[in-house]
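Worksheet: the structure to be examined is printed underneath.
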Amino acid sequence: MTEEEKLQKFQQRIDAGEKIEPRDWMPEGYRKTLFRQISQHAHSEVIGMQPEGNWVLRAPTLRAKKILLAKIQDEGGHGLYLYSAAETFGIDRAEMIEMLHQGKAKYSSIFNYPSLTWADMGAIGWLVDGAAIVNQTMLANVLMALMHVQWFVFVKKKVFISGRDMRLCQR
């Protein structure tokens with residue numbers, strides 16, 4: 001089968017709404033973009049734990065500290081799921097982290113901004129989680145069948161966590 005025929009067949013599968021598995025043939029640009037999006041999100045989840053971690057000791061109540069710790073643990077779990085998904089493309093997690101350290105991979109820059117008040121934590125968390133919901137809902141439509149269920153659970157979990165964060169900030 002020629003490269004053009006493979007590309008045509010791939011496009012037909014996409015148009016038919018089929019899910020593409022990591023080991024299926026796909027154009028190299030598609031594979032690179034998908035890997036980049038997943039690894040960037042994995043890095044963002046792990047890096048995103050850091051500003052929240054800075055607030056554990058400064059959170060206004062014990063209840064707020066417990067919720068923040070749960071959110072930090074949740075973000076770490078999301079990062080591990082995403083690294084696992086990215087590894088299906090044949091790149092080791094250590095390589096992904098090395099790419100981040102070398103500047104060849106990115107993460108969400110929102111985590112570089114200081115969160116000087118407790119209200120900043122709530123606002124940043126709400127905005128970041130809202131953006132993740134939009135981003136992951138869109139990506140769920142193009143991801144391979146293997147990860148489809150995990151992404152769906154991830155998106156639903158983000159909605160729950162975001163709602164809980166907002167209630168906490170309103171008190």
Check: Does segment 97-132 hold any residues that are buried (at least 17 other Cβ atoms within 10 Å of the Cβ), within 14 Å of Ser44 (Cα to Cα) and not polar (S, T, N, Q), and which are they?
Finding: Leu100, Ala105, Tyr107, Phe111, Ile124, Gly125, Val128, Asp129, Ala132
Checklist line | Residue that is most open to solvent (accessible area, probe 1.4 Å), among those in segment 74-89 that are touching a residue at least 24 places away in the same chain (Cβ under 8 Å) and within 20 Å of Arg31 (Cβ to Cβ) | finding: Tyr81
Notebook entry, point to check: For segment 59-73, which residues satisfy the criterion of being farther than 24 Å from Met99 by Cα, in contact (Cβ under 8 Å) with a residue 12 or more places away in the chain, in a helix (DSSP H, G or I) and not basic (Lys, Arg)?
Noted result: Ala64, Ile67, Leu68, Leu69
Note to self: Checking Met1 against (1) surrounded by 12 or more Cβ atoms within 10 Å (Cβ to Cβ); (2) modelled with pLDDT under 90: exactly one of these is not met. Which one?
What the structure shows: (1)
Item checked: Residue selected from segment 31-50 under the condition within 9 Å of the chain's Cα centre (by Cα) and within 14 Å of Gly90 (Cα to Cα), by the criterion modelled with the highest pLDDT -> Ser39
Note to self: Can you find, within segment 101-138, the residue that is nearest to Val56 (Cα to Cα) among those that are of a type in the set (D, E, K, R) and assigned to a loop (DSSP other than H, G, I, E, B)?
What the structure shows: Lys106
Next item on the list: Take the residues in segment 24-58 that are of a type in the set (A, V, I, L, M, F, W, C), in contact with a Phe, Trp or Tyr (Cβ under 7 Å, 6 or more places away or on another chain) and free of Cβ contacts under 8 Å to residues at least 60 places away in the same chain, then tell me which one is nearest to Met121 (Cα to Cα).
Entry: Ala42
Checklist line | Criterion violated by Glu21 - all others in (1) open to solvent by 60 Å² or more (accessible area, probe 1.4 Å); (2) without any contact (Cβ under 8 Å) to a residue 12 or more places away in the chain; (3) over 17 Å from Lys106 (Cα atoms) satisfied | finding: (2)
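The values are calculated or read from the model by the stated rules, or taken from the named source; none is laboratory data. This structure is a prediction, so every number in the text was calculated from the model and none was measured. Don't worry about glycine lacking a Cβ; one is built from the backbone with ideal geometry, like all the others, and counts go over all protein chains shown. With ligands, DNA and RNA removed, areas are computed over all heavy atoms of the protein, side chains included. Shrake-Rupley method; radii C 1.70, N 1.55, O 1.52, S 1.80 Å.
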